[in-house]
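**Q** This is the structure, below, for whatever I ask next.
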Amino acid sequence: MNRFLDMKMAALSAVVLSGAALVAAQPARAFDDVRTVQGQTFWTGNPGAIDPGSFFASGQYRFDPNNYLSYEAEEDNQDYRDVVYANHPGRARCVIRKRVINSEWEFEHPYLMVCRP
């Protein structure tokens, strides 16, 4: 019985140490600051390589910037925007930024586009 417990503790210790090593090896995310524009809160820094989904990749945001035509468009989601208009330091007219996640909807839609007016 003691041998089984020793093996279990050794395995648990290995998992904990490998997890700590992974966390230590991760580079620090360099988000600049938090900004709120048109009621949407997001990190101002470039989020790096992302997959923003078909809404932005297909160009649908140009015709439906608030994503009202989405299958998920419900009355309680109408407070959220997928595109906001504000000045930003990026070279392109529109840049994608990562939302500050405070709700389930924001967790399911982690990116928003910030376009110059």
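Read-outs throughout are calculated quantities, based only on the coordinates presented, and are distinct from any laboratory measurement. As the structure is a computational prediction, the values presented were derived from the model and not from experiment. Virtual Cβ from ideal backbone geometry, glycine too; neighbours counted across all protein chains shown.
**Q** For ARG35 and ALA57 in one chain, what is 0.36 nm times their gap in residues minus the Cα-Cα distance, to one decimal in nm? Let's see the in-between values first.
**A** Working: separation 22, 0.36 × 22 = 7.92 nm, distance 2.38 nm.
Contour length minus Cα-Cα distance gives 5.5 nm.
**Q** Write down Rg/Rh for segment 29-115, rounded to two decimals, with Rg from the C-alpha atoms and Rh from the Kirkwood relation over Cα pairs. Don't jump to the answer; show the numbers that get you there.
**A** On the way: Rg = 12.3 Å, Rh = 13.3 Å.
Ratio of gyration radius to Kirkwood radius: 0.93.
**Q** Among 86-96, 40-50, what's the highest-first ranking by average C-beta atoms within 10 angstrom per residue?
**A** Sorting 86-96, 40-50 by mean packing, highest first, produces 40-50, 86-96.
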